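What follows is a short report on a single structure.
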Amino acid sequence: MRQVMEGSHAVSEAVRLARVQVVSAYPITPQTHIVEALSEFCAEGAMNARFICVESEHSAMAAVIGACTAGVRAFTATSSHGLALMHELLHWASAARLPIVMAEVNRALGPGWNIWMDQTDSLAQRDTGWIQLYCEDGQEVLDTTLQAFRLAENVHLPVMVVLDAFFLSHTHEPVNLPSQDEVDRFLPPFLPRITLDVENPYALNQMSPPNVYMEMRHNIQAAMEQVPGRFDLVDKEFSSIFGRSYGSVETVCCDDANTVLVVSGTAAGTCRHVISQLRLRGEKVGMLKIKMFRPFPADRVRSVLGNVEKVAVVDRNFSFGASGIFAQELRAALCALDQRPQIFGYIAGLGGRDVTTETFEEIYLRTRQSDRPESESIWVGLSSKEREP
Amino acid sequence: MNAEPVKAYQIPEGDSIYPGHLGCPGCGAAIAMKFALKALGTKCVLIIPASCWGIIAGAYPQTSLKVPVLHAAFATSGATASGVRAALDMKGDTETLVVAWAGDGGTFDIGFQALSGAVERNEDILYVCYDNEAYMNTGVQRSSSTPFGTRTTTTPGMGWKRTRKKNIIEVLAAHRIPYAATASIAFPEDMFRKFQKAGNRKGGSRFIHVFSPCPTGWRIPSELSVKVARLAVQTNVFPLYEVEGGIRYTLNTEGHRPVQDYLTIQGRFRHLTGDDMKHIQEMVDEDRDLLAQKTKAETRRP
């Protein structure tokens, strides 16, 4: 059934359809619409689930860790400062190998207070052992949330479904809403590997000395290495039921491109339009959309960008003292190649600033007109007014 | 109100704690767990945050307990227990008791917010704080449970702690939870009765505060931990009482000994002068009078 819905509600609908049994959350703008809808589903009986209204995001993640350990499908959602507060428990969830799914609405961190789009919150959690999947539109949000449960339960790792603040969370779009029967065919009931059982008592997450800890960490990486392949299978099966698929990366006009723009999130939608316009003008330009950030699909990225002359990465985030975070990952992925493209790292759209068609055109032209990047990070559209001398 | 008649409780022989656990000799927290599980039975799951008990319960791949244990992050006992409860309920298991088992640091300090959240929601859980009055597992640093006058490794020398111990039971009572009680390892029958009562009172939050001396941190010989716990009750330093619904108080004991008897046998108080002990006696008397007002005539002995 096709209906107009907000990006936030695309998450909520997917969580309902996934038959999640425990939701725990703490409110933070712009995540609130997701959890408000879920509260309503629980209250009205549209979902057979318990909603635990906790007193912080730290407790929200702790509660879903408890619930998932006790053997049910569990979900939470957060954003920005809430995600930062959860940091300790993000490590906990992945190391406990719990298939928790969380929606994370990309929002800037303060100070100064800023509720708008920025990817630094989720990217700062890249080393926590969570799979991260970035979404472009409402349909992708709904579909990715469903895929996330399937993937998480397959590799026993938690998944973060990431969507842009407001540009996606608060934007209404037509979305195909699958039926419960279809979703049930795609997503079987959750079967935990091990759980809290008084008949079969185990101690879980206990003290682990040096003689075992390192192997436990290696096991997490071994599971991570499985993820791109497993995601392809999940994506393929999803496609066979719903007729839509995404891939860990998506390429647009990359085959003959001499320049490729690398994007993620809603900026990909704007970039698609710019690519089609530039192609009409005869420019050999393509787009690489990175959906899966963790694990980083380095092989796919290498195969797409290996023979390209120039790559322009657009980062709506920044790692202070280094560079844009997607650019870092890309440089690391491509450095092993004998012949590699020039990588231009652009910083744009922090704290909710618009990334428009003009932004992409400027980035493309600057890349074409330069033999090499003028600096490791090129900040686009900075005003001189607010800058320190 | 009539006082409950004094009964002798049959404490079962069997243990759900294996010999060979990792507690220090004389560990009050290990004694507390032994009696708690005797009363609660084996149809319970334990949530244990970072604490001495995180160690006593054993390192991978061993466990010292016969019930399932979920080790949890330090600040999360209340929230983790809430999630486990919700999941068990959703699976149709309302019988299994969910027990959070935390130290004073994990209860009075870092876990305080999650505990307050859980009991405000009146989660159907039993939260137990075994209180050894400092961060013992990390080497005796002060917590907000450390009493006035104590030397710890972060209140050393003449910098001994000059603020009161937080009154956690009154904080819990203020949440108007169905049942909150203090218990002591020196009064096993009273402790056993309270754990049974709390275990059986399903449907809401229950809290038991167990006084659990730490010979290492309190600088006492290991064979004195039960004696010190008894003196704490006999001097009114740690009165045994119950609060139902946050307002109905029952005092289980009356102490008549001077607080000096309790203080002078512990190395952690050795530096205190006669004036300091007099001041502590005044504080204890003040607390006793306040509690007496709340309990009115509802006094009985264990």
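Descriptive notes on the structure:
- As a ratio to 2.2 N^0.38 Å, the alpha-carbon radius of gyration computed for the range B:126-171 takes the value 1.19.
- Cα centroid separation - the range A:296-370 against the range A:1-80, whole Å: 34 Å
- 3J(HN,Hα) along the range B:13-19: 6, x, 10, 9, 10, 7, x Hz, from the Karplus curve 6.51 cos²θ - 1.76 cosθ + 1.60 with θ = phi - 60°, whole Hz, x for Gly and Pro.
- Annotation for the range B:11-56 versus the range B:165-222: alpha-carbon center distance of 14 Å.
- Across the range A:318-389, Cα-Cα pairs more than 21 Å apart make up 32 percent of the total.
- Take each residue in A:81-89, count the other chain C-beta atoms within 10 Å of its C-beta, and the mean is 1.
- Neighbourhood net charge (11 Å Cβ-Cβ; Lys/Arg +1, Asp/Glu -1) for residue A:129: +3
- Check: the range A:235-328 dipole with +1 on Lys, Arg Cβ and -1 on Asp, Glu Cβ, in debye: 160 debye
- All Cα-Cα distances of the range B:154-300, cut into 10 Å bins from zero to the largest, leave 11, 38, 35, 15, 1 percent in each bin in turn.
- Normalised convex hull volume, the range B:7-123, alpha-carbon set, Å³ per residue: 133 Å³
- Rounded D (µm²/s) - chain A, Kirkwood Rh over Cα pairs, Stokes-Einstein at 37 °C, 0.692 mPa s: 153 µm²/s
- For the range A:61-154, the relative contact order works out to 27 percent when only alpha carbon pairs closer than 8 Å and six or more residues apart are counted.
- Here the Karplus curve 6.51 cos²θ - 1.76 cosθ + 1.60, taken at θ = phi - 60°, turns the phi angles of the range B:286-295 into couplings of 4, 5, 4, 5, 4, 5, 4, 4, 6, 7 Hz, with x standing for Gly and Pro.
- Mean partner shielding of peptide A:192-201, defined as the number of other chain Cβ atoms within 10 Å of each residue Cβ, is 5.
- Between the listed residues B:106, B:60, B:134, the Cα displaced farthest toward the positive end of the dipole of the range B:19-134, a dipole computed from Cβ unit charges relative to the Cα centre, is found at B:60.
- Averaged over the residues of peptide B:60-67, the number of Cβ atoms from other protein chains lying within 10 Å of each residue's Cβ is 4.
- Put simply, when A:370-382, B:64-76 are sorted by average Cβ atoms within 10 angstrom per residue, most first, you get B:64-76, A:370-382.
- Sorted largest first, the principal axis extents computed over the alpha-carbon atoms of the protein assembly as shown equal 96, 60, 45 Å.
- Vicinal HN-Hα couplings computed from phi for the range A:213-219 (Karplus, 6.51 cos²θ - 1.76 cosθ + 1.60; Hz; Gly/Pro x): 4, 5, 5, 4, 5, 5, 5
- Centroid-to-centroid separation of the range A:116-156 and the range A:188-218 [C-alpha atoms, Å]: 24 Å
- Along the axis of the charge dipole computed for the protein assembly as shown (Cβ charges of +1 for Lys and Arg, -1 for Asp and Glu, origin at the Cα centre), the listed residues A:167, B:187, B:42 are led at the positive end by B:187.
- Shape category assigned to the range A:47-104 from the gyration tensor of Cα positions, a/c cut at 1.5: oblate
Computed from the coordinates by the stated procedures, all read-outs in this text should not be read as laboratory data. Everything quoted here is computed from the prediction, not taken from an experiment. Cβ sites come from the backbone with ideal geometry, for glycine too, and all protein chains shown count toward neighbours.
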